[in-house]
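Everything on this sheet refers to the single structure shown next.
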Amino acid sequence: MMKMLIQLDEERVKQDGKYKLEDMWRVIDAKFDKYGCEKERQADGAVLYIGNPKKDYYTCITLAYLALKGQKWFAEYCRQWVWYDNDDDEELPYQDINVLARERQDNPLFARA
């Protein structure tokens, strides 16, 4: 099973006024909705997208990742981005891959000034 956790710096989005927070989440949600990933809002404002084992969740999460890593607006306001994977073995613990740290290292859109 795979999951992906995303958190935006919502306060900064509102302060800057460059984008509408609702629109940002709508675009992000759409990346996961296509293949039926479930969505759980966390207490800290982050959203956990959970793969649906009855659908092609691997493609869903991979395509969402590929789309989001190329978005300047996402890079600018992403606060947390973690990919959880247990290689479809529910007896294994999830590996948590800090996607945001990797993108900040390798992707110029995510580089901090």
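The values are calculated or read from the model by the stated rules, or taken from the named source; none is laboratory data. Remember, predicted model here, so these are calculated numbers, not experimental data. Cβ: placed from backbone, ideal geometry, glycine included. Neighbour counts: every protein chain shown. Please note that ligands, DNA and RNA were not included when accessible areas were found on the heavy atoms of the full protein model with its side chains. Shrake-Rupley method; radii C 1.70, N 1.55, O 1.52, S 1.80 Å.
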Between 0 and 90°, nearest 10: helix 21-33 axis offset from the chain longest Cα axis: 20 degrees
For the chain, accessible area per residue (1.4 Å probe, heavy atoms of protein chains only), Å²: 59 Å²
Exposure ranking of E76, E103 by accessible area [1.4 Å probe, largest first]: E76, E103
Rounded to whole Å, sorted largest first: equivalent-ellipsoid semi-axes of region 1-61, Cα gyration tensor: 25, 12, 7
Rounded accessible area of K18 (nearest 10 Å², 1.4 Å probe): 110 Å²
Net charge dipole size for the chain [Lys, Arg +1 and Asp, Glu -1 on Cβ; Debye, nearest 20]: 640 debye
Largest to smallest accessible area among R79, R104 [probe 1.4 Å]: R79, R104
Partners for K20 among lysines (Cα-Cα distance below 25 Å; same-chain residues under 8 apart left out): K31, K34, K39, K69, K72
Accessible surface of R12 - all protein chains present, 1.4 Å probe, nearest 10 Å²: 60 Å²
Percent accessible area from carbon and sulfur atoms, the chain, protein chains only, probe 1.4 Å: 48 percent
Region 59-75 - phi-based ³J(HN,Hα) in whole Hz, Karplus 6.51/-1.76/1.60, Gly and Pro as x: 4, 4, 5, 5, 5, 4, 4, 4, 5, 6, 5, x, 9, 4, 4, 5, 4
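Taking the chain on its own, what percent of its Cα-Cα pair distances exceed 21 Å?
35 percent
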FRET E, pair E76, K54, Förster distance 35 Å, beta-carbon r, rounded to 0.05: 0.50
Most to least accessible of V27, V99 (protein chains only, probe 1.4 Å): V27, V99
